[in-house]
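Worksheet for the structure shown next.
Just so it is clear, none of the values below were taken in a lab; they were calculated from the coordinates. Small disclaimer: the values here were computed from a predicted structure and weren't measured. All Cβ positions, glycine included, derive from the backbone under ideal geometry; neighbour counts span all protein chains shown.
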Amino acid sequence: MSETYISIDHLSKKYDKDFVLKDVNAVLHKGEILGFLGPSGAGKTTTIKILTGQLLPTSGTAEVLGIDCRKIDERIYEQIGIVTDSSGVYERMTVFDNLKYFARILNVPLKNIDPLLKRIGLYEHRKKPASKLSKGQTQRLILARALLHKPKVLFLDEPTSGLDPSTALEIHRILKELRDDGMAIFLTTHNMEEAAKLCGHVALLNEGVIVEYGTPEEICLKYNRIKKYRVQLTDGTKHVLLQSPETAGRISSWMNEDQIETLHTCEPTLETVFLEVTGRELQ
Amino acid sequence: MNIKPVHLRKLAAIIDVKGRALFSKNFIIMPVFSLGFTFLMQIIYEKASGGMAAMNAYALAMGMLMNVSMMGFYCTAASLAEEKEKNTLRTLMTSSVNGLEFFLGSLIPIVLMTEAVNVLCVFIVHMTMSPMQWAAYLAVTTAASVIASVIGMLLGIFSKNQVTASTLTTPVVLVFMMVPMFTGFSETLQKISMFFFTGIAFDAIANISNGLPAVDVKGIAVLAAEFIFSLILFLFLYRRNGFER
């Protein structure tokens, strides 16, 4: 088992009388992506704020890199990177100067900036003022700033929200590379496709409570109660068949006659699981 | 109270960026306006008095008041408010910068620029001072700049954006600037002014030009008390709210 970077144990947060997080448990290891998946107001951002020392929990414990979230001080920020919707850039400064400022603060050699800009795909915009960047480019600059000091843990709060599909795909590619390099990534999203594609484990969060936790495959299979197959034959006809000895016979005979164009199992998606468990839409 | 260490590397980076921001169009108007105001006062009083040295000192005192108020109160509050508005403050605070580093990094460039303008004002009004008078002038105006900046930081804590900063700062600027400016018209204002750090600094310039000690013991006590009070209030509010409510 690889090193544990984040452990969350019975974590709760209450504002006035209302719980926004209730008895949350999760673990994130080195080289993994953990997704907190839920609609707006589910408690995803609150979790990130607690884990990064910006909010205190009401009860329970959480440790980031072995440090209790109640005892976090600014030194932790030399080992973690944070990208949230409240991350800002200095608009009057160029892309390079934005990173240079944080490189000086985080004691990162300035020679590391250009390779990072190339990796993030912003090198050609390095002399552009941040105010002239598109939303996707600004998000990449924020990501670059969070990666500048090669953090062990990266917190991402809805990193692709509102971005065009190609920029989102580019960010997914970068996140996979970072994971493969050994970085632990805590990702919140309401995009189930993104979660299923990127995350080793996901927690489905609804009104502050984790309603399901596991790998995306485990969760989907758990709710795959009515097992179905979707078959398209070479003559163009489509069939949806329930699993049964009869269906097995039909599929077997189509196979023998080389009539099958495509054959799919029909497990539920994370979105349909979420809908089934909570009765709420994700988006 | 747990005092956080100040890393010179981080402090230098913040001072550099904050210092450059003071030359942006949002802020540079303040020192330029103060210099222009001093120049205007110099012309008006020179014409009115026929070139009396005391009037030069009066013009300098007016310019210094304008400068300390606009730079100290307004620029500090607006600078903090801008960081909040653009979400860069939170980014800084989650990039290993502590509150003390941000506080000092924000204050130092403003105090330096305020002092640079205060020095230029002396040349604008053609006032000649001995090295001792210069030392007294710099000491008193620096104290006033620091106090104004700490109060500006206090106002910044309550401002979520630059518009709010402007709204909150205006009455404070008016009170601290206008009361000493109009002491000549009202004895009551003169009495009140003696309890304002801006009033002490205003009188100090007249004393310096007359060859008297810049500030008496009471004046030093007022400066010290207002510095300590504003700092304690700032620390209290900072501990409750941080830089953001």
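Would you mind classifying the stretch A:225-266 by shape? Square roots of the alpha carbon gyration tensor eigenvalues, ordered a ≥ b ≥ c; an a/c under 1.5 is rounded, otherwise it is prolate if a/b is larger than b/c and oblate if not.
Cα axes put the stretch A:225-266 in the oblate bin.
Find which of A:THR265, A:GLY249, A:HIS239 sits farthest along the positive direction of the dipole of the stretch A:225-266, computed with +1 on the beta-carbon of Lys and Arg, -1 on that of Asp and Glu, about the Cα centre.
Of A:THR265, A:GLY249, A:HIS239, it is A:THR265.
What percent does the relative contact order of chain A come to when contacts are Cα pairs within less than 8 Å and at least six residues apart? Write down the numbers at each step before the final one.
Numbers: 511 pairs, mean separation 62.1, N = 283.
Taking the mean separation of contacting Cα pairs over the length of chain A, I get 22 percent.
Once you have the Cα-Cα distance between B:LEU100 and B:GLU187, take 0.36 nm times their residue separation minus that, and quote the gain in nm to one decimal. Show your work: numbers first, answer last.
Working: separation 87, 0.36 × 87 = 31.32 nm, distance 4.09 nm.
Gain on stretching B:LEU100 to B:GLU187: 27.2 nm.
So what is the 222 nm mean residue ellipticity for the protein assembly as shown from helices alone, if each DSSP H run of at least 4 adds -39500 (n - 2.57) and you divide by all residues, rounding to the nearest 500 deg cm²/dmol?
Working: 20 runs with 279 residues, N = 528.
The helix contribution divided over the protein assembly as shown gives -17000 deg cm²/dmol.
Find which of A:LEU51, A:LEU204, A:SER87 sits farthest along the positive direction of the dipole of the stretch A:4-216, computed with +1 on the beta-carbon of Lys and Arg, -1 on that of Asp and Glu, about the Cα centre.
Farthest towards the positive pole: A:SER87.
Please give the average number of partner chain Cβ atoms lying within 10 Å of the Cβ of each residue in A:142-153, rounded to a whole number.
Numbers: counts 2, 0, 0, 2, 3, 0, 1, 2, 0, 0, 0, 0.
Mean number of neighbouring Cβ atoms from other chains: 1.
Mind pulling the angle between the C-alpha long axis of helix B:217-241 and the longest principal axis of chain B? Nearest 10 degrees, somewhere in 0 to 90.
Relative to chain B, helix B:217-241 is tipped by roughly 20 degrees.
Which pairs, out of A:LYS49/A:LYS152; A:LYS150/B:LYS10; A:LYS44/B:LYS18; A:LYS44/A:LYS152; A:LYS13/A:LYS152, put more than 22 Å between their alpha-carbon atoms?
Checking Cα-Cα distances, A:LYS44/B:LYS18; A:LYS13/A:LYS152 exceed 22 Å.
Per residue, how big is the convex hull of chain B when only Cα atoms are used? Give it in Å³. The partial results should precede the final answer.
Numbers: hull volume 31.3 nm³, N = 245.
Taking the convex hull of the Cα positions in chain B, it is 128 Å³ per residue.
Determine the gain in length on full extension of the stretch B:ILE220-B:LEU174; use 0.36 nm per residue of separation and subtract their C-alpha separation, reporting nm with one decimal. Let's see the in-between values first.
Details: separation 46, 0.36 × 46 = 16.56 nm, distance 2.30 nm.
Net length gain for the segment: 14.3 nm.
Evaluate peptide A:79-89: per residue, the Cβ atoms of other protein chains within 10 Å of its Cβ; return the mean as an integer.
The mean count of partner-chain Cβ atoms within 10 Å per residue comes to 4.
Cβ under 15 Å from B:PRO31's Cβ, B:PRO31 left aside: what net charge do those residues give with Lys, Arg +1 and Asp, Glu -1?
+2
To the nearest 0.05, what FRET efficiency results for B:VAL32 and A:GLU267 with a Förster distance of 60 Å applied to their C-beta separation?
Efficiency, from the Cβ-Cβ distance: 0.35.
If I model a spin label at B:ALA206 and A:MET255 as a point 7 Å from the Cα along the Cα→Cβ vector, what separation in nanometres do I get?
10.3
Once a ≥ b ≥ c are taken as the square roots of the eigenvalues of the Cα gyration tensor of the stretch B:1-65, is the result rounded (a/c under 1.5), prolate (a/b larger than b/c) or oblate (a/b not larger than b/c)?
It is prolate, given that a/c is not under 1.5 and a/b is the larger ratio.
Considering only A:LEU154, A:LEU11, A:GLY41, whose Cα is most displaced toward the positive end of the charge dipole of chain A, charges sitting on Cβ of Lys, Arg (+1) and Asp, Glu (-1)?
The listed residue farthest towards the positive side: A:LEU154.
Peptide A:254-260: average number of partner chain Cβ atoms within 10 Å per residue?
Shielding by partners across A:254-260 averages 0.
Return one number: the angle in degrees, 0 to 90 and rounded to the nearest 10, between the long axis of the Cα atoms of helix A:245-256 and the longest principal axis of the Cα atoms of chain A.
90
I'd like the distance between the alpha-carbon centres of the stretch A:1-70 and the stretch B:54-101, rounded to an integer number of Å.
Here the two parts' Cα centres lie 37 Å apart.
Per residue of the stretch B:9-19, what does 6.51 cos²θ - 1.76 cosθ + 1.60 with θ = phi - 60° give for ³J(HN,Hα)? Whole Hz please, x for Gly and Pro, Karplus curve as stated.
Residue by residue, the stretch B:9-19 yields 4, 5, 4, 4, 5, 5, 4, 4, 5, 5, x Hz.
Less than 12 Å Cβ to Cβ from B:ILE15, Lys/Arg counted +1 and Asp/Glu -1: what total charge do the surrounding residues give?
+3
Measuring from label point to label point, each 7 Å out along Cα→Cβ, what is the A:HIS10 to A:ILE226 span in nm?
Taking the two extended label points, one gets 4.0 nm.
How big is the dipole moment of chain A about its Cα centre under a simple scheme where the beta carbon of each Lys and Arg is +1, that of each Asp and Glu is -1, and everything else is neutral? Debye, nearest 20, please.
Taking the Cα centre of chain A as origin, the dipole is about 1120 debye.
Could you give the dipole magnitude of the stretch B:8-241 about its Cα centre, charging the beta-carbon of Lys and Arg +1 and that of Asp and Glu -1, in debye to the nearest 20?
680
If you fit an axis through the alpha-carbon atoms of helix B:99-124 and take the longest principal axis of the Cα set of chain B, what angle between them do you get, 0 to 90°, nearest 10?
20
What net charge do the residues around A:THR234 carry, taking every other residue with its C-beta under 13 Å from that of A:THR234, with Lys and Arg at +1 and Asp and Glu at -1?
-3
For the residue pair A:ARG119 and B:LEU233, what label-to-label distance in nm results when each label sits 7 Å from Cα along the Cα-to-beta-carbon direction?
About 4.8 nm separates the two model spin labels.
Can you give the log10 of the normalised intensity I(q)/I(0) at q = 0.10, 0.12, 0.14, 0.15 Å⁻¹, computed with Debye over equal Cα scatterers of chain A?
-0.62, -0.81, -1.01, -1.10
Where in the stretch A:30-50 does the amide nitrogen come within less than 17 Å of the point 7 Å from the Cα of A:SER161, taken along Cα to Cβ?
A:35-50
Roughly how far apart, in whole Å, are the Cα centres of the stretch A:181-225 and the stretch B:146-190?
53
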